[in-house]
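What follows is a single structure, written as structure tokens, with notes after it.
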Amino acid sequence: MIKKQSIHAKFNRLKKSEGFVGWAFMTPGLIFLALFVFWPIIYSIPLAFTDYSVIDKTHFIGFDNFVRAWNDDNFMISLWHSFVYIAIVPFIQIISILMAILVNSSVKGIKFFRTAYYIPVVTSMVAVSIVWSFLLSNNGVVNYILISLGLIDDKIGWLTNDKTALISVMFVTLWKGVGYYMMIYLAGLQSVPKDLQEAAMIDGATKFQVMRKVTIPLLKPYVFFCSLISLMAAIRVFDEVFVLTSGGPGTATLTSSLYIYEQGFKKFDFGYSSALGLIVSILIAILSVVIFRFNKKGGVNPY
């Protein structure tokens, strides 16, 4: 009886603790992540070493899928395009910082601009891609404006020309993503101590010098975080490519995520698809480690 009362008392103390409340709120989300994120990832690792295809019997084939990937020209092209996509990361960060600085003021109506810049973030990428497919079509608004301004003579098939298709898709990604990173940088700007900026201006620094020498260095932790997640997102890009071009024309916009999807859900070659996914995951992990090491060396260390 005493033992039961002791257990009951301990449980009551546990319920009143902050840790219990925190875990109680996190448990549903953790269960969801375990079932639909972590378990599929773990399950796909052994599949990478098999010829699992749903249709036929499954056999262990060792590293054959990885050898096949090394000799797969389309996979190498898709991997190259995924790494080319990383080129938008610096542009996203620079534009996002400038936008954050622009809206970090108490000017009347500034909340409207903050909301306007953030609307693309909360809009479905599928809906955004459909709209941009109309804008970038041969008879779209983009061609009309450029011809009216005399910047081009003939209509350009932005999504059907192999020279412009990938750049056009990258632009859509940049347009949709800057608002998200702007809000993160805005939060960082609002946490910068005002007295440091004021002290710099008293010492004779201009607004540009204050921004370059004081504000932006203090944003380094945010730059590190945003650069990391935008780099991973760039390599894993899928939605806009799938909706706008489906990897075409030819393989001009074929990315690794789209190619993995095609192998798994169009050709039902899940073993090979898992192997490709594992390769891309390892590459992302390596890039993440490089960024973390760069952070430790002081490149983006917070003050």
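The values are calculated or read from the model by the stated rules, or taken from the named source; none is laboratory data. Note that the coordinates shown come from a computational prediction; the quantities given were computed from them, not determined experimentally. Glycine gets a Cβ as well: all are built from the backbone with ideal geometry, and neighbour counts include every protein chain shown.
A few comments on the model shown:
- SER96 being under 17 Å from ILE279 (Cα atoms) and either among the hydroxyl-bearing types (Ser, Thr, Tyr) or surrounded by fewer than 14 Cβ atoms within 10 Å (Cβ to Cβ) (or both): no
- Figure legend. Inter-residue proximity from the stretch 216-228: first residues within 15 Å of VAL178 (Cβ to Cβ) and in a helix (DSSP H, G or I), second residues modelled with pLDDT of 90 or more and aromatic (Phe, Trp, Tyr), beta-carbon distance below 7 Å, spacing 6+ or different chains. Indicated pairs: TYR222/TYR185; CYS226/TYR181.
- Among the residues of the stretch 138-162, those that are part of a loop (DSSP other than H, G, I, E, B), of a type outside the set (Asp, Glu) and surrounded by 11 or more Cβ atoms within 10 Å (Cβ to Cβ) comprise ASN138, GLY140, ILE152, LYS155, ILE156, GLY157, TRP158, LEU159, THR160, ASN161.
- Here VAL241 does not fit the description of being assigned to a helix (DSSP H, G or I) and free of Cβ contacts under 8 Å to residues at least 40 places away in the same chain.
- Any chance TRP175 is more than 16 Å from the chain's Cα centre (by Cα), modelled with pLDDT of 90 or more and among the hydrophobic types (A, V, I, L, M, F, W, C): no
- Subset of the stretch 244-259 (residues that are touching a Leu at 6+ places or on another chain (Cβ under 8 Å), part of a loop (DSSP other than H, G, I, E, B) and among the hydroxyl-bearing types (Ser, Thr, Tyr)): THR245, SER246, THR253
- 3 or more residues of a type in the set (Gly, Ala, Ser) and modelled with pLDDT under 85: qualifying helices (runs of 4 or more DSSP H) within the stretch 7-74: 18-33
- Residue check for ILE184: within 23 Å of SER227 (Cα to Cα) and in contact with a Cys (Cβ under 8 Å, 6 or more places away or on another chain): yes
- Hits in the stretch 119-137 - residues which are polar (S, T, N, Q), in contact (Cβ under 8 Å) with a residue 12 or more places away in the chain and either touching a strand residue (DSSP E or B) at 6+ places or on another chain (Cβ under 9 Å) or not in a helix (DSSP H, G or I) (or both): THR123, SER137
- Looking only at the stretch 100-115, and only at residues there that are more than 16 Å from TYR180 (Cα to Cα) and hydroxyl-bearing (Ser, Thr, Tyr), the one that is surrounded by the fewest Cβ atoms within 10 Å (Cβ to Cβ): SER106
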